[in-house]
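Down below is the structure, laid out as structure tokens.
The values are calculated or read from the model by the stated rules, or taken from the named source; none is laboratory data. Just so it is clear, the structure is predicted and the values come from calculations on it, not from any experiment. Cβ placement follows ideal geometry from the backbone for every residue including glycine, while neighbour counts extend to all protein chains displayed. The protein model used for the area step is the full one, side chains on, heavy atoms only, and it has no ligands, DNA or RNA in it. Shrake-Rupley method; radii C 1.70, N 1.55, O 1.52, S 1.80 Å.
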Amino acid sequence: MKYKILCSDLDGTLLSSKSDVSEFAIEQIGKIKDDTKIILVSARMPSGMRYIQENLGITNQPIICYNGALVLSGNTALTSVFIPINILTDIHKVCKGLEADLGLYYNNEWYVPKTSLRVDKETKYTKTTPTFQDTQSTLNNWKQRNVGAHKIMLMCTKSSADILMPVLQEKLGDVLNLYRSNDTLIEIAPKTVSKLSAIKLLLEEDEALADIVAFGDNYNDIEMLENVGYGVAVANAREEVKKISNHITLDNTEDGVAHYIAKNLVN
């Protein structure tokens, strides 16, 4: 079947390495991009996605950043939902006395209180650079500007994450999506948005979810894969993701998305 739209997650899915899209993927997407909208859907900030758009030659398409909290068409924000200052202040208080640094993101701004192995990895893999500033100063600045966080990356030790996760779920789970992506990292986003909600926002009158083929690997991709016309998991995806998908392609490191495109979507 021919699909009008292709939506793909980046890390662990479309990207065959930690930071780059392969020449093979560029070639295969190049064969369909004139007839199929290619929309990148990620937890990344805009600057961590723009260079991939440029490599693929799809800068004319919108991008879905921060798991749907920010949707951009060029430099225009089609939707922008952020965690307000009062909730950010609550999170900051809960973290006091524990080994936990708040990485705070708003649009193309990224603030961290100090460098760390996690910050160095994020800088390398997304080709973006943070501003080093203590968290309270960031919150004071954002309060004056009346903005908040599109995403929080809570960088912990395993023991501090073990303590914080249930506390945050109890206190703020009704307004926040809290996702422990590994033993030491808790990712936090507004509860009212998702990859699927952002995709729906971009649909035109003659387009429906059934017209979409989507690719993903992680928990935050499940809703998207379940609700589009055809959901494809990469072989390295979490088992829960593979169970709900229509098809399983090769690992991201084996260019699973590009191979699926070559076999099923190229005329």
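Amide H of G103: which non-local residues (sequence gap of 5 or more, or other chain) have their own amide H closer than 5 Å, using H built in the peptide plane?
M153, L154, M155
Could you report the chain's accessible area per residue, 1.4 Å probe, as an integer in Å²?
Using a 1.4 Å probe on heavy atoms only, each residue of the chain averages 45 Å².
Please work out how much accessible surface T129 shows to a 1.4 Å probe, ignoring ligands, DNA and RNA, in Å² rounded to 10.
Surface accessible to solvent at T129 totals approximately 110 Å².
Taking a threshold of 31 Å on the Cα-Cα distance, which of the pairs K2/K242; K242/K263; K4/K124; K2/K243; K124/K242 fall above it?
Flagged as over cut-off: K4/K124.
On a 1.4 Å probe surface of the protein chains, which of D34, D120 comes out largest in accessible area, and what is the full order?
D34, D120
Using a Gaussian network model of the chain whose springs link C-alpha atoms within less than 10 Å, name the residue from T123, T76, T253 with the highest mean-square fluctuation.
Ranking T123, T76, T253 by mean-square fluctuation puts T76 first.
Using θ = phi - 60° and the Karplus form 6.51 cos²θ - 1.76 cosθ + 1.60, what ³J(HN,Hα) does each residue of region 149-155 get, whole Hz, x for Gly and Pro?
9, 6, 7, 10, 10, 8, 9
Which number do you get for Rg(Cα) / (2.2 N^0.38 Å) in region 48-98?
Here the Cα radius of gyration is 1.61 times the empirical estimate.
Taking just the C-alpha trace of region 107-205, give me its Rg and Dmax in Å.
Rg then Dmax for region 107-205, in Å: 15.2, 49.
For region 1-86, compute Rg over Rh where Rg is the Cα radius of gyration and Rh is the Kirkwood radius from the inverse mean 1/r over Cα pairs.
Reported Rg/Rh (Cα atoms, Kirkwood Rh): 0.99.
Over all distinct Cα pairs, what is the inverse of the mean 1/r for region 67-134, reported as the Kirkwood hydrodynamic radius in Å?
This gives a value of 13.7 Å.
With a ≥ b ≥ c taken as the square roots of the eigenvalues of the C-alpha gyration tensor of region 98-152, please select rounded if a/c is under 1.5 and otherwise prolate if a/b is larger than b/c or oblate if it is not?
Oblate is the answer for region 98-152, as a/c is 1.5 or above yet b/c matches or exceeds a/b.
Please work out whether region 187-238 counts as rounded, prolate or oblate from its C-alpha gyration tensor, where a ≥ b ≥ c are the square roots of the eigenvalues and a/c under 1.5 means rounded, while otherwise a/b larger than b/c means prolate and anything else oblate?
Oblate, since a/c reaches 1.5 and b/c is not below a/b.
Using only protein heavy atoms and a 1.4 Å probe, report how much of F215 is accessible, in Å² to the nearest 10.
0 Å²
Based on DSSP, what percent of beta bridges with both residues in the chain are antiparallel, to the nearest 5?
60 percent
Evaluate the charge dipole of region 132-214 about its Cα centre and quote only its size in Debye, nearest 20, assuming +1 on the Cβ of each Lys and Arg and -1 on the Cβ of each Asp and Glu.
480 debye
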